[in-house]
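So the structure is just underneath, and the comments pick up after that.
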Amino acid sequence: MSVKIMHPVVPMLCKEAFESLSEFELKIVRKGGRFPEEKTLEYLVGYSGFYSRLLVIKVFDGRPPFYRRWVEVFSVRPHIIFNSKVYTFIHSGEEKKLIECLSNYISPGERLFIEYVYDSETLKALEMGITPPLTRLGIYTPRKRLYMV
């Protein structure tokens, strides 16, 4: 696996979660946020020189003492198809490691928001009234500061 980092001004959050990619590549592209304290990171998975967006992570660094840091994960694609190859993110080791890493990145009082529409199991659990930390995605958050969006 090769990891290519674009705009290395900002730490590339949790890139180590993707170290186990074998025949696919990862690119992390940094883009500006809506305001100075926000960073947007696009995670792209590639095969044979073709790349497709896997997910987006926004990190808001906070505005102490008024706003604390938060992290948002959204536009998650459960599968990416490259002609003859398919990369599956949902239920993968990379998905688990990424959520664990992001959970450890935030401090007490800070928030991790994960869009769950790509995961029908988590969606059904939340609809049944199960709290986010007890859902399939929530069990990967050791600090249990997960908010589903």
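Considering segment 50-71, the residues that are of a type in the set (D, E, K, R) and modelled with pLDDT under 95 include one that is nearest to K27 (Cα to Cα), namely D61. What are the residues in segment 113-129 that are under 16 Å from the mean Cα position of the chain (by Cα) and not hydroxyl-bearing (S, T, Y), if any? The answer is F113, I114, E115, V117, D119.
Yes or no, residue by residue, for (1) surrounded by 16 or more Cβ atoms within 10 Å (Cβ to Cβ); (2) aromatic (F, W, Y); (3) in contact (Cβ under 8 Å) with a residue 24 or more places away in the chain; (4) out of contact with any Leu (no Cβ under 8 Å at 6 or more places or on another chain):
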{"position": "R63", "(1), (2), (3), (4)": "no, no, yes, yes"}
{"position": "V73", "(1), (2), (3), (4)": "yes, no, yes, no"}
{"position": "G93", "(1), (2), (3), (4)": "no, no, yes, yes"}
{"position": "Y118", "(1), (2), (3), (4)": "yes, yes, yes, yes"}
{"position": "L126", "(1), (2), (3), (4)": "yes, no, no, yes"}
{"position": "I130", "(1), (2), (3), (4)": "no, no, no, yes"}
{"position": "R136", "(1), (2), (3), (4)": "yes, no, no, yes"}
{"position": "Y140", "(1), (2), (3), (4)": "yes, yes, yes, yes"}
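When Y87 is tested against the conditions (1) without any contact (Cβ under 8 Å) to a residue 60 or more places away in the chain; (2) not in a loop (DSSP other than H, G, I, E, B), the lone failure is (1). So which residues in segment 24-40 are in contact with a strand residue (DSSP E or B) (Cβ under 7 Å, 6 or more places away or on another chain) and in a loop (DSSP other than H, G, I, E, B)? Listed by number, the residues that qualify are F24, G33, E37.
Scanning for something modelled with pLDDT of 95 or more, over 18 Å from C101 (Cβ atoms), outside any loop (DSSP other than H, G, I, E, B) and not aliphatic (A, V, I, L, M), does segment 41-49 turn up at least one residue? Scanning segment 41-49 turns up at least one residue that is modelled with pLDDT of 95 or more, over 18 Å from C101 (Cβ atoms), outside any loop (DSSP other than H, G, I, E, B) and not aliphatic (A, V, I, L, M).
The values are calculated or read from the model by the stated rules, or taken from the named source; none is laboratory data. All values reported here derive from a predicted model rather than from experimental measurement. Because the Cβ atoms are built from the backbone with ideal geometry, glycine has one as well, and the counts that use them run over all protein chains shown.
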